[in-house]
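**Student:** Quick one: this structure, given as structure tokens, is what I'll be asking you about.
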């Protein structure tokens, strides 16, 4: 009878605590590759998977052997690999497309892939006197799709002043095929950076029904506002994750906080979400750098990033928000938790993955002196740091002979395996592209 009673209590405990009883994850790496090109620097900004599970790396390559107009230039680059990591020789020139068609070069900053495997890329184009932004569509074979925009391209102009600092941060494709592009631009020395979002029709023209002539621009504060990532809901509403500050970057008491914007499908600010469609969170730590936003199966949304309580220290954090409830503007008074780095190390974040048990795997870096290590932390489904992960709460992954490992982008395959891409460098030499695949067991 006592055994039965204990069994019932244990069962109830497991039912009420659910996810907290999930098995501790272990990471198994089954594919690790470094793509070395002598005298070339390779920087992937995005990794994507097509319908055949082929791996695409998109970014830029810098070469000392190629120059135009007297400049050593960055050139946009797309590398495609087969599912086993080997070169896809049917794509471009032995698996690679490298091109530059501007005065000082161009580089891919963001990308997305359509359901028909056409590739949408967003580039920074460096001109003679000022930069510009360009959206291009490629066919799955690696050729420019001339039916998109003007000869395959659409120039994006948020109308900043000449010499502005322009940046694309994210591209998402809606269920109807329309394309959303998020970026930042310099409004002037007084106002720092502002963010913009535009929507593009499937034929490569701006969607005039969105915002003002296809674009929405917002100024959250007097100094810096930056868009980081978008999340598109099934009903067409758009979340924009970013951060802002209202003081100069040189101010001693500068505070950087999280900004969350929700737009209606037509680009208007969703005033049902907040008074002006914008929520600004502040917190107890000095700097908050949000990086990722995702939907959860229970209807909540999760934001992941890193925070800096003081210079040189970085902590991973998770913020879970219930859309049906009022959000407290003080970060820590929501469903919030952070993993405090041991010995005040500098943990930063690049990617967050939702695992099968609805827990969170974080991938980033740990900076130790001049070296940069590849770092993983784990949070439970409730958003709490899992201090038992790898027996100390974090896992460091190294690659032999490499001094710097900088993960930049990651993606999950249908079988749950995770691919991470970034740049790596030996103590002497040019940065190379690296990628690895891991399985969570």
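The values are calculated or read from the model by the stated rules, or taken from the named source; none is laboratory data. All values reported here derive from a predicted model rather than from experimental measurement. For neighbour counting, all protein chains shown are included, and Cβ atoms are generated from backbone atoms with ideal geometry for every residue, glycine included.
**Student:** Restricting attention to segment 119-143, which residues are under 18 Å from residue 173 (Cα atoms) and surrounded by fewer than 18 Cβ atoms within 10 Å (Cβ to Cβ)?
**Tutor:** 139
**Student:** Output the residues belonging to segment 219-228 that are surrounded by 20 or more Cβ atoms within 10 Å (Cβ to Cβ) and either under 12 Å from residue 184 (Cα atoms) or at pLDDT 95 or above (or both).
**Tutor:** If the condition is that a residue be surrounded by 20 or more Cβ atoms within 10 Å (Cβ to Cβ) and either under 12 Å from residue 184 (Cα atoms) or at pLDDT 95 or above (or both), then 224, 225, 226, 227, 228 are the ones that fit.
**Student:** Considering only strands (runs of 3 or more DSSP E) fully contained in segment 1-109, which possess at least 1 residues that are modelled with pLDDT under 85 and within 24 Å of residue 155 (Cβ to Cβ)?
**Tutor:** Output list reads 55-68, 71-81.
**Student:** Can you name the residue in segment 282-307 that is more than 19 Å from the chain's Cα centre (by Cα) and within 21 Å of residue 377 (Cβ to Cβ) and is also modelled with the highest pLDDT among such residues?
**Tutor:** Selected residue: 300.
**Student:** Pairs only if they're at least six apart or on different chains, beta carbon under 6 angstrom, first in segment 419-431 and in contact (Cβ under 8 Å) with a residue 40 or more places away in the chain, second assigned to a loop (DSSP other than H, G, I, E, B) and surrounded by fewer than 21 Cβ atoms within 10 Å (Cβ to Cβ); list them, first residue then second.
**Tutor:** Sorted first by the residue in segment 419-431, then by its partner, the pairs are 423/431; 424/402.
**Student:** Which of (1) surrounded by fewer than 19 Cβ atoms within 10 Å (Cβ to Cβ); (2) touching a strand residue (DSSP E or B) at 6+ places or on another chain (Cβ under 6 Å); (3) more than 30 Å from residue 262 (Cα to Cα) does residue 106 not meet, given it meets every other one?
**Tutor:** Here residue 106 clears every test but (1).
**Student:** Any chance you could count how many residues in segment 235-261 are modelled with pLDDT of 90 or more and farther than 25 Å from residue 408 by Cα?
**Tutor:** 3
**Student:** Give segment 159-171 a look and list any residue that's at pLDDT 70 or above and crowded, with 19+ Cβ neighbours inside 10 Å, or say none.
**Tutor:** Passing the criteria: 166, 167, 168, 169, 170, 171.
**Student:** Considering only segment 131-145, I want to know if a residue exists there that is within 26 Å of residue 36 (Cβ to Cβ) and at pLDDT below 95.
**Tutor:** yes
**Student:** Restricting to segment 261-303, count the residues that are touching a residue at least 60 places away in the same chain (Cβ under 8 Å) and within 19 Å of residue 322 (Cβ to Cβ).
**Tutor:** Residues meeting the conditions: 12.
**Student:** Does at least one position in segment 364-379 carry a residue that is over 25 Å from residue 33 (Cα atoms) and within 23 Å of the chain's Cα centre (by Cα)?
**Tutor:** yes
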